[in-house]
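This report refers to the structure that appears directly beneath it.
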6 protein chains.
Amino acid sequence: MPFVSIRLAGAATREQKAGIVADVTASLVTRLGKSPAVVQVVIEEVSTENYGAGGHLLADRDGATGRGDAHAEPRR
Amino acid sequence: MPFVSIRLAGAATREQKAGIVADVTASLVTRLGKSPAVVQVVIEEVSTENYGAGGHLLADRDGATGRGDAHAEPRR
Amino acid sequence: MPFVSIRLAGAATREQKAGIVADVTASLVTRLGKSPAVVQVVIEEVSTENYGAGGHLLADRDGATGRGDAHAEPRR
Amino acid sequence: MPFVSIRLAGAATREQKAGIVADVTASLVTRLGKSPAVVQVVIEEVSTENYGAGGHLLADRDGATGRGDAHAEPRR
Amino acid sequence: MPFVSIRLAGAATREQKAGIVADVTASLVTRLGKSPAVVQVVIEEVSTENYGAGGHLLADRDGATGRGDAHAEPRR
Amino acid sequence: MPFVSIRLAGAATREQKAGIVADVTASLVTRLGKSPAVVQVVIEEVSTENYGAGGHLLADRDGATGRGDAHAEPRR
């Protein structure tokens with residue numbers, strides 16, 4: 001019955017999101033012995049105009065323009 | 001003072017959302033004796049590309065394409 | 001797949017919580033045509049020392065003492 | 001490490017959001033002695049079609065049309 | 001800047017929680033190229049008296065007694 | 001209608017929480033022109049055994065013992 005909510009600053013690709021869902025589900029299955037079927041994961045891609053850190057909007061901090069490309073370069 | 005957050009996979013019609021708000025508010029009024037005025041309800045319609053269950057994105061599981069029509073056929 | 005989070009100020013009885021879960025699930029089943037099995041509901045009973053409204057902690061506003069009895073008198 | 005989530009009914013301007021992030025961060029720094037660097041704030045602008053109060057969608061209550069202008073007139 | 005909230009039904013051991021934090025952080029680092037330092041994870045252990053699924057409190061469904069031992073037997 | 005959720009690592013005093021509620025409410029009143037009456041704020045004090053950052057539980061990182069004293073020294 002675990003329910004997981006993940007808030008990211010900026011967008012992620014569908015492939016990245018699928019990978020995160022798979023990883024997080026596997027962790028809860030392995031660590032807690034839960035069935036994968038009961039694990040739910042929601043990913044919220046938050047615009048950098050709506051995400052603040054250190055007292056500033058990320059959009060103001062790093063010059064991004066809204067629903068930014070913070071994750072544009074997934075690690076390879 | 002109850003605050004209710006509801007996350008749905010896919011979209012709902014305005015009529016469906018109005019009905020859910022009415023039902024949930026009525027429940028809290030009846031069960032807890034609260035005034036309807038203090039009950040707040042937020043409904044988040046989550047794209048099936050951002051909602052995972054069973055280790056997979058719903059969009060990959062059921063062939064939906066993003067902000068899907070999971071609730072297109074409300075029960076009558 | 002709906003996931004519902006309900007935050008209450010103060011405590012509720014087990015019977016009240018069971019009633020709320022039943023009502024909310026029924027609403028989502030009726031309004032959206034979802035299977036009851038996929039509806040998850042979490043109820044958080046927030047101490048009135050941790051819940052603010054109108055600029056003040058509820059505990060300061062109404063003289064309650066923490067994990068209060070805001071719901072002590074369910075409506076009959 | 002504080003994490004703050006703010007849900008607004010309707011939209012806010014970038015300037016309003018930047019101001020809220022600055023204010024909330026300053027409060028946590030002052031009240032708790034935290035470093036500003038560890039404070040994260042997410043602002044969710046919820047459509048008035050998805051926000052209910054008093055048993056009704058705000059969009060139905062005040063005639064707004066969805067992602068409304070509830071905050072169109074920031075106080076001066 | 002990812003922020004992750006995980007709600008579990010019942011309790012988990014400190015070791016289980018540490019493992020989940022490590023796994024989830026590693027996933028976001030790998031999938032999104034984020035620095036581990038910016039990943040925050042909160043785990044909420046929800047009493048089975050406060051967690052409903054299928055229209056019933058888990059505590060009523062499986063005979064658990066509140067802050068239960070749903071995760072007492074982590075998978076080995 | 002703003003609803004604010006604040007998650008802190010460790011405990012805060014009642015005075016600290018009252019101050020945060022006052023500050024955050026004032027910010028939303030000033031920035032958005034909202035009535036203070038409609039602003040709700042919930043503060044969740046999360047045990048350092050349930051809060052992870054940088055891939056580790058805070059409790060493991062700084063030797064705290066659970067519902068810690070992360071905020072024991074409010075700034076003066």
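If the condition is being touching a residue at least 12 places away in the same chain (Cβ under 8 Å) and more than 7 Å from chain E (Cβ to nearest Cβ), then segment C:16-26 contributes C:16, C:20, C:24. Just one of (1) facing chain D (nearest Cβ under 7 Å); (2) part of a loop (DSSP other than H, G, I, E, B) fails for residue B:48. It is (1). Taking the stated definitions as given, is residue B:29 over 12 Å from the mean Cα position of the chain (by Cα), surrounded by fewer than 23 Cβ atoms within 10 Å (Cβ to Cβ) and modelled with pLDDT under 95? No, not satisfied. The residue list B:20, B:43 contains one member that is within 25 Å of residue A:42 (Cα to Cα) and in a strand (DSSP E or B), which is B:43. Annotation note: of B:64, B:9, B:59, the sole residue that is within 19 Å of residue A:18 (Cα to Cα), among the aliphatic types (A, V, I, L, M) and at pLDDT below 95 is B:64. Determine whether segment F:43-62 contains at least one residue that is in contact with a Pro (Cβ under 9 Å, 6 or more places away or on another chain) and more than 22 Å from residue E:13 (Cβ to Cβ). No: zero hits.
Only residues that are in contact with a helix residue (DSSP H, G or I) (Cβ under 8 Å, 6 or more places away or on another chain) and charged (D, E, K, R) were counted across segment B:1-37, and they come to 4. Residues in segment A:1-17 that are assigned to a helix (DSSP H, G or I) and within 18 Å of residue E:3 (Cβ to Cβ): A:16, A:17.
May I ask you to list the residues in segment E:1-25 that are of a type in the set (A, V, I, L, M), within 21 Å of residue A:12 (Cβ to Cβ) and in contact with an Asp or Glu (Cβ under 8 Å, 6 or more places away or on another chain)? The answer is E:6, E:24.
Quick one: would you say residue D:70 is surrounded by 20 or more Cβ atoms within 10 Å (Cβ to Cβ), away from chain B (no Cβ under 11 Å), under 30 Å from residue B:18 (Cα atoms) and modelled with pLDDT under 95? Here the answer is yes, as residue D:70 does meet what is asked.
The values are calculated or read from the model by the stated rules, or taken from the named source; none is laboratory data. Note that this is a predicted model, so its numbers are computed, not measured. Cβ: placed from backbone, ideal geometry, glycine included. Neighbour counts: every protein chain shown.
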